[in-house]
Structures are given as C-alpha cells and as structure tokens.
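The values are calculated or read from the model by the stated rules, or taken from the named source; none is laboratory data. All values reported here derive from a predicted model rather than from experimental measurement. Reconstructed Cβ throughout: ideal geometry from the backbone, glycine too, with neighbour counts over all protein chains shown. The protein model used for the area step is the full one, side chains on, heavy atoms only, and it has no ligands, DNA or RNA in it. Shrake-Rupley method; radii C 1.70, N 1.55, O 1.52, S 1.80 Å.
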Amino acid sequence: MQRNRIGLIGMPMAVIAIVVMLVIPMPTPLLDVLISANITVAVIIMLMTMHVQRPMDFSAFPSILLVATLFRLALNVSASRLILLHAYAGTVIESFGHFVVGGSLVVGLVVFLILIVIQFVVVTNGAGRVAEVAARFTLDAMPGKQMAIDADLNTGLIKEEDARRRRREIADEADFYGAMDGAAKFVRGDAIAAIVIVVINLVGGLVIGVVEHHMPISQAVSTYSLLSIGDGLVSQIPALLLSISTGLIVTRAATADEDDFGSEVLMQFARQFRAVQIAGAVLAVLAIIPGLPHLAFLVAGAAALLVARQARAVVLRRESEKAAAEEQPAAPPALDSPAELASEMRVEPLELDLAADLIDLVDPARGGDLLDRVRALRRKIAGDKGLIVPTVRTRDDIALAPGIYVIKVHGTEVARGTAPPNRVLAIGDTIATLPGEATVEPVFGLPAKWIPAELRQQAIVSGATVVDRSSVITTHLGEVVDTYAAELLSTQQVRQLLDMVKASDPTLVEELASAQIGPVEVQRVLCGLLAEHVPVRSLVRILEATCARAKQNREPEALVEAARSAVAQSIVAEYSRDGELPVIVLDAALEQGLLESLRPGEDGSAIIADPGLLESLVRQVVALAEKAEEEGLTPVLVSAAKLRPALHRLLSPAAPRLGVLSVNEITPQTRIHRLGTLGAPSPAATVPA
C-alpha cells in the first residue's frame, strides 16, 4: 500500500517539481545535489538496461527517458540562470569547467563538441533507426502472431488463459517499441537543445559581463565561457548515458537468452574462443616485427591468448556438464506414483497389443516392418477417407496366448486374431492340400491356413494368395479403423481439420462462426458420415452444405443429410461397378407405410412399425445383399430422403456393408442395375404406431 502511494503521489509531484524548476531560481547547494543525482540516475538507468533479460522487463523506459530528459533540461535552465545572474552556478559546474577541461576554453569546447557528435551522430541516430525499424516490424508481425496464438488455442496446445497472456504480451511489445520510436526523438532533441543552451550561455554571458558588470572582454570570456562549458559537460554526460541506454535496450530485442547483457556477451565470446586465440597470435607476431611497439603488442597478445584459454575451459566444462545431464537417465517413477498411475489410467484411442512371440514384427533389427506398415496405413486412410487416424499405441502383452494380437478402441477390445511366428497366411480354394493350421481370414471371413513360411512359393504355385503376418495385422487394423472411424474422430482432430480449411478458405470458417457452428457440431456431422463409410475428403463442400442447412434446420440428422447431398457423387462412385449402381428398391406401398411410421427421437428419426413387418424387411434385405455379394457386387438400398436415416439404423446391424442411399443422392449420370424390390408380406402387416 505504501509503495502504491509513492507511485500514485510521488511521481506526479516529481514531474510538477521539474516544471517548477524551469521558473523558480534555485540555490546553488541544491543545484549541486540535483546535478549529482542526475548523473547517478543516468548511471542506474544504463546499468538496468544492461541487466534486464528482455527489453519488456523494462517497459517503463520510454516514460523514464522523457522524465529524465525534462529533468536534465530543467537543470540546464536553472544553471544558466545562475551563471548569467551571479557568474556562479555551484561547485559541480565550476569543477567541470576548471578541473575536468584544465581551465582551457578551447579544450572544453572541443570535448563538449566531441560528446555532442558521439551522442547525436553516432548513438542517437543509430538507436532511433533501430527503434523505428523494430516498431515497424513488430506491428507488421502482429497479425501473424495473433493467428499463431489462435491456431494453438484451436488445436488445444494452449489454454484460454495462456492465449490471453500471449496476446497481451504481443500488444505490450508493440506499444513498447512504438513508444521507443518516439522516445528516441527526445534524445535527439535533447542533444540539439544542449548545443543551443551552450551558445546562448556563451553569448549572453559575454554580453552581460561586458555591458552590465563592466568586465574586460578577456575576463568575461574566461568567467562565463568556462562556466557555460562546465554546465554543458555536466548535462551531456548523463545525456550520453541515457543515449547509450536507449541503444542498448532496443538492440537487445533480438536476443532470446535468459541472461543479462554482460553474461550474454561473455558467453558468446567464449563460444568463439578460437577467434580470440587467432587475434592473440596475430598480436604476438606483430610484437616481433621491427619498428612496431613490441611491449604494447606483446601485452595485448598475451592477454588475448589468456582470455581465449579461460574461455575454452569454460565452454568445455559447460559442454561436459550438458552431456552428463543428457546421458544421466531420468529416475523412473515409482510404481505407485501419481505419474505412473496416470500413465496406466490413460486410455488410447487405438491400441494394438501383441503377444510376446510377436515382438519381432516391430523390431527393425529382426526384419520387423509392422510399425512402418501401420504408418503407411494411416497415410492411406487419410488420403482415402479424409480421417486423421490417431497414433496406434503398440505394446506387448504377456497375458496374451502365443501368436495372438488384440486391437482395442478407447481401451475396449474390438478385434482379435492370430499371427503365428514363422508362418504365412494362405487364402484360396487350393489350400486343402497344404499343411498348416486352418483359420479364417479376419477381414472377409474367407477360409485360410497358416502354413510354414518355407512353403510360400509352393502355395503361390498352387494358386493360393499368400499374405505375411504384418500384412494380415495391418489389413485387420484397417478394417477396424473403417468400422470405428466415427469413434476415432475426436474434437481435437476436427480443430486441426478446421485450421487446414481456415488456411485455404478463411471465409468459410467465418461463415461457420456466424452460423454458430463450432467444432462439436462439425464433429457430429463428420462422425455421421464416417459411420456410414462416407469419406470426408471433400471437407470444404461438406462444411458449405452444413453451414447452408444450419440456417434452416440445426438438427444433427438434417445436417448429416445435407452433407451427404454435397458429396453424393463420391458416395455413388463408392458403390458403383463399371459405371453401374446395383440397387435394391422398396415397394411403393411399403415405402409409404414406413414413411407414415416415422417418429422423431433423441438420436434421430426411427421407424415405429409392426415387428413382423420390420423382421420380414430385414430378412429380404439380407438375402438380396448376400446374393449380390456372391456375384461380386456391392448393393445399395435406395429410399426416400426422409426415410433414409431411419432405414439405415434399422438395417445396419444385420447388413453392415449395405449402403442406404436416398433418391436425391442418385445423380442423373448414374446407370441403375436393379437387383430386386422389397415388399410387405401382406397389407395388414404395416401398422403405424
């Protein structure tokens, strides 16, 4: 509370006091104290700029620079008043006028002008240019930095609090460099003001000394000129320190280390100790050349070689400490520690557990390529379906029987198979004569045999299809991903997909936001498509259709149907063969009865009809679908658009591979191959509820 009062009252009072100094005469003892304080403050500010780790750690510097400049000018005015009125302005100015420059007017003018040139031409110009460029680049980079923060927030890499903090830091940085660009003008103006004040003091003192005090010209010049030069030197030393401080703080903008300026410079020189060694050797060579100052070059060369040796020792010690820290293994967490328990509790989206005798499949040293094939599978699925498959966690499970592998989705076992060591899987009608263990191919349910690997060529010659163990597991994993794609699509992945769309089509993302469609709604639509094996590669078209439909109907089922209509051509192409679509249709009377039986529900519409009718319908569909598959066709059931979602929910448990399309999804270019018509067993069977 006390510090807040000092900041709230003390600083405004100090600024007011500085303004008062411009008007009210000051006693010389007080002026001596304030001049000494001015030099002390300038030294402190310069040291602070060298010790801060980041320029933003001294964000008040532009305001402090303004106050310090105003304070110094007020001291100039007070000193000039005393010089012109009494030919005396205190012991500090008198000491600088006589002792520092040896009482010589010419020497004092030369020193003063040199300080002005150093400050105005060298330091101030450079610092002002750096501040101007830094401010411009910082402002230009703000949109990109804001987009990067938004992208990290959308992908879940940072939290909302972190995003706010980073946005505030970016805004503060832009304000700081903008203020520094203006503050550099204070320093430039101060240098000009110093020249003008000294000239006024010289001319005014000469006139006052000769006209008012009737001094000889030589005495007037000696008295007033030395005091004016002393006043100029007293003011220019802190001004030069502040100019140096300005240059230091703006030129440190590019550094990212967590060290102060001195430590940073020393470490960077230490890393380049060879350059210091070469410089020392060159100076040592110059020391033995006749005609050159041997002692000076020899001392400088020896000092450089000594510094290089010490720097090399420091660098080697740090590198050895870093290597030791990297080589030292981290202490494993206790078996019952929170970290270990949390690791055990974590449920991966997709897991592949292998029996102990299948570890060779993931060991590249033993020829295992399962992990490479899984990575290739993820790339293929991403290209075919537009789904970013989560990383497959592969691990060994000693509880599994030999040759067994298990596939889990969100910690639940969904598939299991065998892959005996030193075996290959033979599939075909000619495998009866081959020795091996009979099995069933895990994806298509075909009869197969695990035969010894050395009989591979014999099986191929007999006409069988031979598949290695890694291919069997990878194919099975791909089938599981296709079946459970809707469960594997997370909100995090949807955010990544939306970020990709934002990069290429930002207007669409803005439309989604205006329609209040967030990642959760988009996830529901994409999961609805993936649940029916519809690829989501055409994400832009899906989002456009979803956004358009959401303005009329925000029901999830309606949004999914709109998305299906947008990609209807790809859906039809998925089931077509040689340009023909094998179709099963509904009898008109049956379709009308089912439409009348539709009832809305929490999970979408459902058919509430006579169980006998529905059972008969399912049996007919399964029979026609199996018959079509025997002919090598992939049939689809076509119904009215309003009936399609409920019909799919009814039939998917019995015929999971059967596609259910609406008449609106059949494109005019599609050639229809009718496989059969589904009809009601009797008119009385349709009993709407």
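Scanning region 569-593 for residues that are without any contact (Cβ under 8 Å) to a residue 60 or more places away in the chain and either assigned to a helix (DSSP H, G or I) or basic (Lys, Arg) (or both) turns up Ser570, Ala573, Arg577, Ala588, Glu591, Gln592. Selection within region 519-551: residues that are assigned to a loop (DSSP other than H, G, I, E, B) and in contact with a helix residue (DSSP H, G or I) (Cβ under 8 Å, 6 or more places away or on another chain). The member of this set that is farthest from Tyr484 (Cα to Cα) is Ser538.
Name the single residue, out of those in region 571-597 being of a type in the set (Asp, Glu) and within 53 Å of the chain's Cα centre (by Cα), that is modelled with the lowest pLDDT.
Asp578
Here the condition is being touching a residue at least 60 places away in the same chain (Cβ under 8 Å) and assigned to a helix (DSSP H, G or I); of Val374, Val389, it holds for Val374 alone.
Of the residues contained in region 526-539, none is found to be surrounded by 18 or more Cβ atoms within 10 Å (Cβ to Cβ), of a type in the set (Ser, Thr, Tyr) and either free of Cβ contacts under 8 Å to residues at least 60 places away in the same chain or farther than 30 Å from Val406 by Cα (or both). Which of the following residues is among the acidic types (Asp, Glu) and at pLDDT below 70: Asp57, Asp152? Within the list Asp57, Asp152, the selection yields Asp152.
Does Ser104 count as open to solvent by less than 70 Å² (accessible area, probe 1.4 Å), modelled with pLDDT of 70 or more and not charged (D, E, K, R)? No: the conditions fail for Ser104. Is it true that some residue in region 411-428 is modelled with pLDDT under 85, open to solvent by less than 40 Å² (accessible area, probe 1.4 Å) and farther than 27 Å from Lys385 by Cβ? Checked against the condition, which is being modelled with pLDDT under 85, open to solvent by less than 40 Å² (accessible area, probe 1.4 Å) and farther than 27 Å from Lys385 by Cβ, region 411-428 yields at least one hit. Take Leu305 and decide whether it is of a type in the set (A, V, I, L, M), in a helix (DSSP H, G or I), open to solvent by 70 Å² or more (accessible area, probe 1.4 Å) and modelled with pLDDT of 80 or more. Answer is yes for this residue.
Filtered by the rule that a residue be open to solvent by less than 40 Å² (accessible area, probe 1.4 Å) and either touching a Gly at 6+ places or on another chain (Cβ under 9 Å) or in a helix (DSSP H, G or I) (or both), region 467-477 gives Arg469, Ser470, Ser471, Val472, Ile473, Thr474, His476, Leu477.
Taken together, the residues in region 19-69 that are of a type outside the set (Ser, Thr, Tyr) and open to solvent by 30 Å² or more (accessible area, probe 1.4 Å) amount to 29. Please find, among Ala448, Ala438, Ala464, Ala432, the residue that is over 35 Å from the mean Cα position of the chain (by Cα), buried (at least 20 other Cβ atoms within 10 Å of the Cβ) and over 23 Å from Asp353 (Cβ atoms). None of the other options fit; the residue is Ala464. Applying the condition of being assigned to a loop (DSSP other than H, G, I, E, B) and open to solvent by less than 70 Å² (accessible area, probe 1.4 Å) to region 70-92 and asking which residue is farthest from His214 (Cα to Cα) yields Gly90.
What do you reckon, is Val480 open to solvent by less than 60 Å² (accessible area, probe 1.4 Å) and either under 34 Å from the mean Cα position of the chain (by Cα) or not aromatic (Phe, Trp, Tyr) (or both)? Taking the combined requirement at face value, the residue satisfies it. Applying the condition of being open to solvent by 50 Å² or more (accessible area, probe 1.4 Å) and among the basic types (Lys, Arg) to region 387-410 and asking which residue is farthest from Val362 (Cα to Cα) yields Arg393.
With a requirement of 2 or more residues that are surrounded by 12 or more Cβ atoms within 10 Å (Cβ to Cβ), at pLDDT 80 or above and of a type in the set (Asp, Glu), none of the strands (runs of 3 or more DSSP E) lying completely within region 598-689 satisfies it. In region 357-371, how many are on the phi > 0 side of the Ramachandran plot and in a helix (DSSP H, G or I)? Going through region 357-371 one residue at a time, the tally reaches 0. Please indicate, with yes or no, whether at least one residue in region 452-459 is outside any loop (DSSP other than H, G, I, E, B), open to solvent by less than 30 Å² (accessible area, probe 1.4 Å), free of Cβ contacts under 8 Å to residues at least 60 places away in the same chain and not hydrophobic (A, V, I, L, M, F, W, C). Yes, that holds for at least one residue. For region 612-652, the tally of residues that are among the acidic types (Asp, Glu) and either closer than 22 Å to Glu665 by Cβ or touching a helix residue (DSSP H, G or I) at 6+ places or on another chain (Cβ under 8 Å) (or both) stands at 1.
Comparison of Leu489, Leu508 shows that the only residue that is open to solvent by less than 30 Å² (accessible area, probe 1.4 Å) and closer than 25 Å to Leu661 by Cβ is Leu489. Consider Ile407 carefully, then state whether it is assigned to a strand (DSSP E or B), more than 39 Å from the chain's Cα centre (by Cα) and among the aliphatic types (A, V, I, L, M). Judged against the criteria, Ile407 is not a match.
Pairs linking a residue in region 547-560 that is closer than 14 Å to Leu529 by Cβ to a residue that is among the charged types (D, E, K, R) and assigned to a helix (DSSP H, G or I), with Cβ atoms under 7 Å and 6 or more positions apart or on different chains, are Pro556/Arg524; Ala558/Arg549; Leu559/Arg549.
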